[in-house]
Amino acid sequence: MEPKSTLRQESHEFTIPTRGRGLYEFTSEVSAWIARNSFKNGLLTLHLRHTSASLLVQENADPDVRRDLERFFARLVPDGDPIFMHTVEGEDDMPAHVRSALTAVNLSLPVRDGRLTLGTWQGIYVWEHRRAPHARKVAAHFIGE
Amino acid sequence: MEPKSTLRQESHEFTIPTRGRGLYEFTSEVSAWIARNSFKNGLLTLHLRHTSASLLVQENADPDVRRDLERFFARLVPDGDPIFMHTVEGEDDMPAHVRSALTAVNLSLPVRDGRLTLGTWQGIYVWEHRRAPHARKVAAHFIGE
Amino acid sequence: MEPKSTLRQESHEFTIPTRGRGLYEFTSEVSAWIARNSFKNGLLTLHLRHTSASLLVQENADPDVRRDLERFFARLVPDGDPIFMHTVEGEDDMPAHVRSALTAVNLSLPVRDGRLTLGTWQGIYVWEHRRAPHARKVAAHFIGE
């Protein structure tokens, strides 16, 4: 019979450098952390510590998908929209907060047999919503065995 | 005094068949898995392994709510929008990716006394965004006692 | 060497009173629960048990950000939109369901050294989408040490 007391947890923080607006995949960084710690089965949680970017699971096959996502959101939440009063940080800042609210900053993924349970075409992305480059912090937590 | 070493975890995968666009409730499948394993208290996580559908918690009382959600999203993200370049998989594919980004593929729910902590009117749905039928895979994980 | 069997879990339910539409921060209530239980490291999960409000992580510095978020969503999902058939609960009810679908009801946050891994400017909010005051229930779960 398997002992039940083998559960453990680990924490980490990823830093994802961005070069302005767009989707930045970091699936391989997450997988490398799993491999380094020999995590087998459990739950992985990621939390983006910012309010002007998002965490997104999206298709990592055709790059047109990412360009179309960016184009759609740029039309839905246009920079410099006169509806916005919060403009002191630039005309792309409030749209970045809205995009963040429309998507997510948070992600929980089961790990099975040492691998993320992502679908075949799924990748994990930081979606940068500001025009300027940033270093985005993602808090990570694993609990399992 | 309660021993603290009774924590355990289990994994599962649900397959939800869809008949094209719309919301498909699978709350009872999730509750049945909880009952089958006698989970009492803990954390349940669901992850949809696709990028053209969503996981949604929504009202399961008036079916008009689901129809209105569908109608609103069809207007917000119209099929065949000329803004999209990714059209090789059909004019409903890129809108499906956008709808997925606007909602979520991921859900974490506390379990208390053997039951999901859903509100009275909340159900768990796969929201199919493609017109064609699909079999949608949802990875599930429980940790608790 | 640290023993590995110190993992434990706790549940709670927050009630957040709202005075109609707008963002209501309850970060300090969550932090107080963590302090009261001496949680050190682990995973905190929050689930809003309603379908006409949201859980949101957003900027807690400039209040204009919250006003702009509200203004943007009021334009994106207008009350009394003739597209909606579900009107029996008031012209602000179906827009509330749509806003809930466009945002999230669910949040998982790592806890490190007794503190939420929120970014410097991040706060946790209930976003009330109905015009009338409500008492919103948020199920909470912690697992860790």
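The values are calculated or read from the model by the stated rules, or taken from the named source; none is laboratory data. The shown structure was predicted, so the numbers you read here are calculated from the model rather than taken from an experiment. Note that each Cβ is placed from the backbone with ideal geometry, even for glycine, and that neighbours are counted across all protein chains shown. For accessibility, only protein heavy atoms count, side chains too; no ligands or nucleic acids. Shrake-Rupley method; radii C 1.70, N 1.55, O 1.52, S 1.80 Å.
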Every residue from region C:23-50 that is within 12 Å of the chain's Cα centre (by Cα) and either open to solvent by less than 50 Å² (accessible area, probe 1.4 Å) or under 20 Å from B:LEU107 (Cα atoms) (or both): C:LEU23, C:TYR24, C:PHE26, C:THR27, C:VAL30, C:THR45, C:LEU46, C:HIS47, C:LEU48, C:ARG49, C:HIS50
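Is there a residue in region C:129-145 that is acidic (Asp, Glu), out of contact with any Leu (no Cβ under 7 Å at 6 or more places or on another chain) and either within 14 Å of chain A (Cβ to nearest Cβ) or under 22 Å from B:ASP64 (Cβ atoms) (or both)?
To start, the set of residues in region C:129-145 that are acidic (Asp, Glu) comprises C:145.
Next, from what is left, pick out any that are out of contact with any Leu (no Cβ under 7 Å at 6 or more places or on another chain): none.
Scanning region C:129-145, I find no residue that is acidic (Asp, Glu), out of contact with any Leu (no Cβ under 7 Å at 6 or more places or on another chain) and either within 14 Å of chain A (Cβ to nearest Cβ) or under 22 Å from B:ASP64 (Cβ atoms) (or both), so the answer is no.
Within region C:75-83, is there a residue that is assigned to a helix (DSSP H, G or I) and either among the charged types (D, E, K, R) or touching a Leu at 6+ places or on another chain (Cβ under 9 Å) (or both)? Steps first, answer last, please.
In the first step, residues of region C:75-83 are kept if they are assigned to a helix (DSSP H, G or I); the result is C:75-76.
This time we only want the ones that are either among the charged types (D, E, K, R) or touching a Leu at 6+ places or on another chain (Cβ under 9 Å) (or both), so: C:75-76.
Yes, the conditions are met somewhere in region C:75-83.
Taking B:LEU69 as the residue in question, decide whether it is facing another protein chain (nearest Cβ under 8 Å), surrounded by 20 or more Cβ atoms within 10 Å (Cβ to Cβ) and touching a residue at least 60 places away in the same chain (Cβ under 8 Å).
So B:LEU69 fails the test.
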Test result for A:GLU59, open to solvent by 50 Å² or more (accessible area, probe 1.4 Å) and either within 27 Å of A:PHE142 (Cβ to Cβ) or touching a Cys at 6+ places or on another chain (Cβ under 6 Å) (or both): no
Considering every residue within region C:29-45, establish whether at least one is in contact with a His (Cβ under 7 Å, 6 or more places away or on another chain) and either of a type in the set (Phe, Trp, Tyr) or away from chain B (no Cβ under 11 Å) (or both). yes
Within the set of pairs 6 or more residues apart or between chains, which connect a residue that is free of Cβ contacts under 8 Å to residues at least 60 places away in the same chain inside region B:6-32 to a residue that is in a strand (DSSP E or B) with Cβ atoms less than 6 Å apart? B:GLU29/B:PHE14
For region A:85-97, does any single residue satisfy the condition of being touching a Phe, Trp or Tyr at 6+ places or on another chain (Cβ under 7 Å) and under 19 Å from C:ARG75 (Cα atoms)? yes
Residue count, region A:78-123 (criterion: within 7 Å of another protein chain (Cβ to nearest Cβ), open to solvent by less than 30 Å² (accessible area, probe 1.4 Å) and more than 19 Å from the chain's Cα centre (by Cα)): 3
